[in-house]
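Peer 1: Starting off with a structure, shown below.
The values are calculated or read from the model by the stated rules, or taken from the named source; none is laboratory data. Here the structure is a predicted model, which means the values were calculated and not measured. Neighbour counts are summed over all protein chains in view; Cβ atoms, including those assigned to glycine, are modelled from backbone coordinates with ideal geometry.
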Amino acid sequence: MTATPAAPAEGLAPNVRGALWMLASALAFTVMTTLVKFLGADYPPALQTFYRQAAGFAILLPVIARHRSAAFATTRPGILLFRSSAGTIGLILSFYAFQKMPLADANALSFTRTLWLVPLAAFVVREKVGPLRIGAALVGFAGVLIMIRPGAGGHFAIGLPALAMLASSFLFALTITGMKVMTRDHSPTVLLVWAATLGLIFALPGAFMAWRWPAPMDLVLLCVMGAMGTVTQACYIQGMAIGDAGAMAPIDYVRLVFTTLAGLVLFHEIPGVPTLVGAGIVVASTLFITWREQVAAKQARAAIAAARDLPEAP
């Protein structure tokens, strides 16, 4: 019997297969951000966001057609509206930052979404956040200060692009927090369908105000950029689903390497020492936060399992 093409991959350990999906996600993300920057001179962030959302909606159209009303089944449309509006604004701000800043610098700041999740977990989801996670978040934000160098004369001194990426990361952290709430009684498919549909609707006003008819080649590149955004999400979700989340999280930071190389080769961008040092601090702190979350989740599962094994009270 001849093996199918998927057989070699199926024989790999789950964490290895998950790592391959995470690498594919990082590569797709790099292609998307490179195109965002390349097309930024002629197509503003709001218009690029429209193409990104349109591509995601087009890819999910078969799912919507197959499941119809079930794909939109929800009991909490308010949270879905908030998630999509925050996500769309966050996407516009991040595209603006990628257009105006070196790719490596903008990408390093984008990882602050994990730092924002710490206070949001405490105040929104009401999770217990210990001093170690709080301390790691504070250290991470110190790394941000090193990168943006308030008051410095360098090209990465704090300005609108850096503030836009920080605001974008905060908004994306809000969407992740909302997703944690919604996954308690909503399937991932329903959340994806609502996000794609509402994201396209919310992107329309900005696209109309900045509209220009793209040249044929530009249209192809805009569509590829939009599709790569959806591929990035799909590969990331697949990698996290197959591999252990604690092992997959560090691999996501290979995006820093890919975007740095893309910026250097295509745009002649050379990261400065403050960017490298600050990015290293942010990566280390977010990895620690991820590890602590994994430890807390395992302890919670162990406590539940132990409680189930206790004899009933007389």
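Peer 1: Which condition number does K128 fail, the rest of (1) basic (K, R); (2) under 29 Å from T197 (Cβ atoms); (3) not in a helix (DSSP H, G or I) being met?
Peer 2: (2)
Peer 1: Grab the helices (runs of 4 or more DSSP H) fully contained in the stretch 218-314, keeping just those with 1 or more residues being of a type in the set (A, V, I, L, M, F, W, C), at pLDDT 90 or above and surrounded by 12 or more Cβ atoms within 10 Å (Cβ to Cβ).
Peer 2: 254-267, 273-309
Peer 1: Just give me the residues in the stretch 106-147 being within 24 Å of T30 (Cα to Cα) and either basic (K, R) or out of contact with any helix residue (DSSP H, G or I) (no Cβ under 7 Å at 6 or more places or on another chain) (or both), in sequence order.
Peer 2: R113, the sole residue that qualifies.
Peer 1: Please specify each residue of the stretch 101-115 satisfying the condition of being within 20 Å of L35 (Cα to Cα) and over 11 Å from the mean Cα position of the chain (by Cα).
Peer 2: M101, P102, L103, A104, D105, A106, A108, L109
Peer 1: If you don't mind, there's one more thing I want to ask. Within the stretch 52-72, count every residue that is surrounded by fewer than 13 Cβ atoms within 10 Å (Cβ to Cβ) and closer than 24 Å to L174 by Cβ.
Peer 2: Matching residues across the stretch 52-72 total 0.
Peer 1: Moving on. In this structure, is A97 in a helix (DSSP H, G or I), within 14 Å of the chain's Cα centre (by Cα) and within 16 Å of S168 (Cα to Cα)?
Peer 2: no
Peer 1: A follow-up question, please. If I ask for residues that are out of contact with any Pro (no Cβ under 6 Å at 6 or more places or on another chain), modelled with pLDDT of 85 or more and not in a helix (DSSP H, G or I), which ones from the stretch 182-217 would you list?
Peer 2: Result: W211, R212, W213, P214, A215.
Peer 1: Taking the condition at pLDDT below 90, touching a Lys or Arg at 6+ places or on another chain (Cβ under 8 Å), assigned to a helix (DSSP H, G or I) and of a type in the set (G, A, S), does A136 pass?
Peer 2: Spelling it out, A136 is indeed at pLDDT below 90, touching a Lys or Arg at 6+ places or on another chain (Cβ under 8 Å), assigned to a helix (DSSP H, G or I) and of a type in the set (G, A, S).
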